[in-house]
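One structure is given here, and the rest of the page talks about it.
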Amino acid sequence: MSDITLNAATAAPEAAPRTPPASQIGLLAWVRANLFSGWLSTLVTLALAYLILRWVVGFVEWGIINAVWSVPNSQTQACRDMKGIGACWAVVTEKHRFILFGTYPYEEHWRPALCILLFIGLYIVSAMRRFWRSGLAFLWAGVLAVIGVLMWGGVLGLPYVPQERWGGLVITLILATFGLAFAFPLAILVALGRRSKLPAIKAICVLYVELIRGVPLISLLFMASVMFPLFLPEGMNIDKLLRAQIAIILFAGAYLAEVVRGGLQALPKGQYEAADALGLNYWQKTGFIILPQALRLVIPPLVNTFIGFFKDTSLVLIIGIFDLLTAGKTAIIEPAWQGFGIEVYITVGAIYFVFCFAMSKYSQGLEAELNRHRRR
Amino acid sequence: MSETLEHVASAARTDAPPAIVLDKVNKWYGALHVLRDVSLNVALGERVVICGPSGSGKSTLIRCINRLETHQEGRILVNGIELSDDIKALDDIRREVGMVFQSFNLFPHLTILENCTLAPIWVRRMPKKEAEELAMEYLTRVRIPEQAKKYPGQLSGGQQQRVAIARALCMKPKIMLFDEPTSALDPEMIKEVLETIVSLAETGMTMICVTHEMGFARQVADRVVFMDRGEIVEMGTPTQVFETPQTDRLKLFLSQILRGH
C-alpha cells in the first residue's frame, strides 16, 4: 500500500491541483445525486413533480386566469357565477380598507395608513446595524408617541377617534410591536433576576415565569378584559387595548425570559470569572460581556418566539378587539360577500407571512453576521 | 553569577511590606476541606511558584486572592486591604490584581484590542485613545501587535494566552496571578507563553504562578511552595525544594513529575 503511494508521488512530483471530474460538479451532477440516484428516488421525484405541477396549474387557473378582480357596486353575481372556477379577488378589492383599518372613520384612514408605514420604517431602520446606537431608543420612543397621537387624535386639529373604532392591520402591528418592545427588556431583567444571588429577587422572577407560563394566553386576556377592571377603583377605566397589551407583554416576557436564560446558562463560567477578575462591576459585566454573547447564542429561539407572538396577537379577537384576522373575518359577514372566505383568508395569511418571513430571513442574516467572530 | 545576584535581590525584597498575606486560611466545598490553615506572605516584587498534585488546592488558593472563590476562615490581605464582603474593598483589590487563566477566557465577541481596552476604559475610566495606545504597547510587549483587529478565535492558543497576559497588564496591576497558564497549550506554544511570563518577571512584578513547569520555576521563582491535600507541605528556594526535598510527599511528587517529562 505504502509502495503504491510512493510510486504515485514520484510519478507526478509537481502535479498541478486538478478540478474534480465534470460528472461530480455542476447542476447535472446535483440533479443526478439528489433527484435520480436510484429507481425509488426517481419514482418519488416524478410523482412529486406531477403533483406540484398539477397544483400550480390549478392555482394559477383559479387565482389568476379565471379570477374576478372587481365588481360594480357590491353586485357579487359575477363572482357567484365563477364560484369554484375562479377566485373572487373583488372581495379583497372591495374590503381592503376594512381589513387594513377596521372601523376607523373612512375619511381619517390616512392616519392608520401612515402609522403602518411608520411601523415598517421603524423596523427597517432598526434592522440596520449602522443605526444600532443609543439614538435608536429615542427614535423608538418618538415614533411610538407619534403613532399614539395619530391614532387617537384630539390634538393638532386631528379629530379624536376612540380606541373602540381602531382595527385591522394597524392593531396587529401595535400589539406586536409594543408587546415585544416592552417584553424583551422585561425578559432580560427577569432572566438575570432568576440567576440572582438575592433570594427575594430570584423568588419573584421564578414565581412570575411559572405563573404566567402555566396559564393560556386566552385566559390572561380574559382576566385582563373582565377581571382586571373589578380591582380598579370606581370610575377609573383603563383602555381595553392597553389591558390586552399588558397581558401580551407579561405573557411574552415570561417566554422570552426563559429563552434568554438559556443563553445565559450556555456561557462558560470562565467568561464571568474573567470579567470579575478585571474588576468590571455587575452591570458592566452583564452589559459588555454576558448579554452580548448570550443573546447571540439564542437568536434562533428568540426569533421563533417573536414570530409566535406576532401571530398570537390574533387571539385578542376573543375580547372583542379588531385585529387583522378579526377584521378579515368580519369583512365576509355581510350577506353580499358571504362565501368568499378563502380569498380573504389567503390575503390575510399573505400579510402575516410577509412580516414573519421578513423576521425569519433577517434573523438568519443577523446570526451569520454577529457570529462572524466564531469563524476562524 | 546571575543566580547569585538574583538571590541577593530576593533577599532585599523580603524587607518590603508584604503584597499578599494569607493567615490560616480555610475553605470547604461542602464537607470537603480544600484549604487547611494555609499561611503565606508574599513580599512586594516577589515571584512565587505554587506546585503540587492535581486537587491539592493550588488553584483554589490563588482564586481566593481575588475572591473568585470565598474562604471561610482566616484572613487574606492584599496590598493591606482585607478581603471581605465589602464590595468597595473587593473592587479596589481586583483593580490591582491581574489574573491569567488556564483556559485564557478571552471575550470571543470582542477584538483583541477591545479585550485589552474594555477594563481600562470602564474600570480605570481611561480615555479610549489612551487605553488603545496602552493596549498596543502591551500587545507589542507580548509580540502580537499585528493581531489587534482580529478576534480571539482566529488566534492560536499560545497567542490567545499572550493576549490574556496583555489584557491583565493593561489594568497596570501591582500583582499578577497565573493559574496554570500553560496547561492547556501544545508544547511548542508553552515556550512562547513562558518566555512572556519570564520577561514580565524581569520587570519586578509581584507574581504568584501555579504551574508544573519546573524549568520555569527554577528560572524565575524566588520561592517555590509545594501544596498537597489543601496544605502547604514545604516551601523554599527552587534549589531547596527541588534538590533537597524534606518530605516523602514532595519526593513522590517530584519523582512523578520527572518521570512524566
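For peptide B:108-120, the mean count of partner chain Cβ atoms within 10 Å of a residue's Cβ comes to 3. With a 10 Å cut-off around each Cβ of B:100-107, the average count of Cβ atoms from other chains is 5.
Against the main long axis of the alpha-carbon atoms of chain B, helix B:112-122 sits at an angle near 80°.
So which of B:27/B:58; B:58/B:172; B:129/B:149; A:269/B:172; B:27/B:251 end up more than 19 Å apart, counting from Cα to Cα?
Working: B:27/B:58 12 Å; B:58/B:172 25 Å; B:129/B:149 15 Å; A:269/B:172 25 Å; B:27/B:251 26 Å.
B:58/B:172; A:269/B:172; B:27/B:251, as the Cα separations exceed 19 Å there.
According to the square roots a ≥ b ≥ c of the eigenvalues of the Cα gyration tensor, what is the shape class of chain A, taking rounded for a/c under 1.5, prolate for a/b larger than b/c otherwise, and oblate for the remainder? The partial results should precede the final answer.
On the way: a/c = 2.38, a/b = 1.17, b/c = 2.04.
Taking the square roots of the gyration eigenvalues as a ≥ b ≥ c, chain A is oblate.
Radius of gyration over Kirkwood radius for chain B, both on Cα atoms: the Rg/Rh ratio is 0.96. The shape of the stretch A:77-204 comes out prolate: with a ≥ b ≥ c from the C-alpha gyration tensor, a/c is at least 1.5 and a/b beats b/c.
With K and R counted +1 and D and E -1, the other residues having a Cβ less than 14 Å from that of residue B:88 yield a net charge of -3. Screening chain A for whole DSSP H helices with an alpha carbon extent of at least 27 angstrom along the helix axis and a mean Kyte-Doolittle hydropathy of at least 1.0 yields A:39-60, A:169-194, A:240-266.
Which value, in debye to the nearest 20, gives the size of the charge dipole of the stretch A:105-375 about its Cα centre, when Lys and Arg are +1 and Asp and Glu are -1 at the Cβ? Let's see the in-between values first.
Working: 22 positive and 15 negative charges, 254 e Å.
Around 1220 debye, computed over the stretch A:105-375.
Under a model in which nothing but the beta-carbon of Lys, Arg (+1) and Asp, Glu (-1) is charged, the stretch A:41-196 shows a dipole of about 620 debye around its Cα centre.
Return the FRET efficiency for the residue pair residue A:59, residue A:189: r is the Cβ-Cβ distance, R0 is 60 Å, and the value is rounded to the nearest 0.05.
Approximately 0.80, to the nearest 0.05.
The trypsin sites (Lys or Arg not before Pro) of the stretch A:42-86 that meet both conditions, a loop assignment by DSSP and at most 14 other Cβ atoms within 10 Å of the site Cβ, are A:83.
With a 1.4 Å probe and every protein chain left in place, work out the accessible area per residue of the protein assembly as shown in Å², rounded to a whole number.
Values: 32900 Å² over 637 residues.
It amounts to 52 Å² per residue over the protein assembly as shown.
Direction-averaged projected area, Cα convex hull, the protein assembly as shown: 45.9 nm², rounded to one decimal.
Just B:244, B:182, B:60 to compare: in a GNM of chain B, with alpha carbon springs under 10 Å, which one fluctuates most? Ranking B:244, B:182, B:60 by mean-square fluctuation puts B:244 first.
Between the helical axis of B:2-13 and the longest alpha-carbon principal axis of chain B there is an angle of about 90 degrees. Each of A:349, A:28, A:175 was scored by the projection of its Cα onto the charge dipole of chain A, and the greatest displacement toward the positive side belongs to A:28; charges sit on the C-beta of Lys, Arg, Asp and Glu.
By its C-alpha gyration tensor, with a ≥ b ≥ c as the square roots of the eigenvalues, how is the stretch B:56-106 shaped: rounded for a/c under 1.5, else prolate for a/b larger than b/c, else oblate?
Details: a/c = 2.14, a/b = 1.26, b/c = 1.70.
Judged from the Cα gyration tensor, the stretch B:56-106 comes out oblate (a/c at least 1.5, b/c at or above a/b).
Straight-distance candidates among the aspartates and glutamates for linking to residue A:240, with alpha-carbon spacing under 14 Å and chain neighbours fewer than 8 residues away dropped: A:164, A:323.
Farthest towards the positive end of the charge dipole of the protein assembly as shown, among the residues A:56, A:186, A:286, is the Cα of A:56, using unit charges on the Cβ of Lys, Arg, Asp and Glu. Rounded to the nearest 500, what is the protein assembly as shown's calculated 222 nm mean residue ellipticity when only DSSP H runs of at least 4 contribute -39500 (n - 2.57) each, over all residues? So the helix-based figure for the protein assembly as shown works out to -17500 deg cm²/dmol.
Placing R0 at 41 angstrom, the Cβ-Cβ distance between residue B:85 and residue B:149 gives a FRET efficiency of 0.50 after rounding to 0.05. Counting only cysteine Cβ atoms and a cutoff under 4.7 Å, chain A contains unmatched residues A:115, A:205, A:356.
For the stretch A:105-375, the residue among A:263, A:204, A:242 whose Cα projects farthest onto the positive side of the dipole built from Cβ charges is A:263.
With solvent modelled as a 1.4 Å probe, how much accessible area in total do chains A and B shield from it at their shared surface, in Å² to the nearest 100?
Working: alone 22360 and 12590 Å², together 32900 Å².
The buried area between A and B, both sides summed, comes to about 2100 Å².
To put it simply, the accessible area of chain B at a 1.4 Å probe is 52 percent carbon and sulfur. Residues of the stretch A:263-310 that lose at least 40 Å² of accessible area (1.4 Å probe, protein heavy atoms only) when the other protein chains are present, relative to their chain alone, are A:271, A:273, A:274, A:276, A:277, A:278, A:279, A:280, A:284, A:288, A:289, A:293.
In the stretch B:64-91, the residues that give up 30 Å² or more of accessible area when the other protein chains are added, compared with the chain on its own (1.4 Å probe), are B:68. Among the GluC sites (Glu not before Pro) within the stretch B:159-246, those in coil by DSSP and having at most 13 neighbouring Cβ atoms inside 10 Å are B:202. Dipole magnitude for the protein assembly as shown: computed about the Cα centre from +1 point charges on Lys and Arg Cβ and -1 point charges on Asp and Glu Cβ, it is near 920 debye.
Principal-axis analysis of the Cα atoms of chain B puts helix B:157-169 at an angle of about 90° to the longest axis.
How about the stretch A:191-291: which trypsin sites (Lys or Arg not before Pro) there lie in a loop by DSSP and see at most 14 other Cβ atoms within 10 Å?
Values: sites: A:194, A:195, A:197, A:202, A:213, A:240, A:243, A:261, A:269, A:285; in loops: A:195, A:197.
Filter output for the stretch A:191-291: A:195, A:197.
Protein heavy-atom surface of the stretch A:105-375, 1.4 angstrom probe: 71% of the accessible area is carbon and sulfur, with nucleic acids and ligands not counted.
The values are calculated or read from the model by the stated rules, or taken from the named source; none is laboratory data. Quantities reported herein were computed from a predicted structural model and do not represent experimental measurements. We place every Cβ from the backbone using ideal geometry, glycine too, and count neighbours over all the protein chains shown. Note: accessible area is taken over every heavy atom of the protein model, side chains too, but ligands, DNA and RNA are not part of it. Shrake-Rupley method; radii C 1.70, N 1.55, O 1.52, S 1.80 Å.
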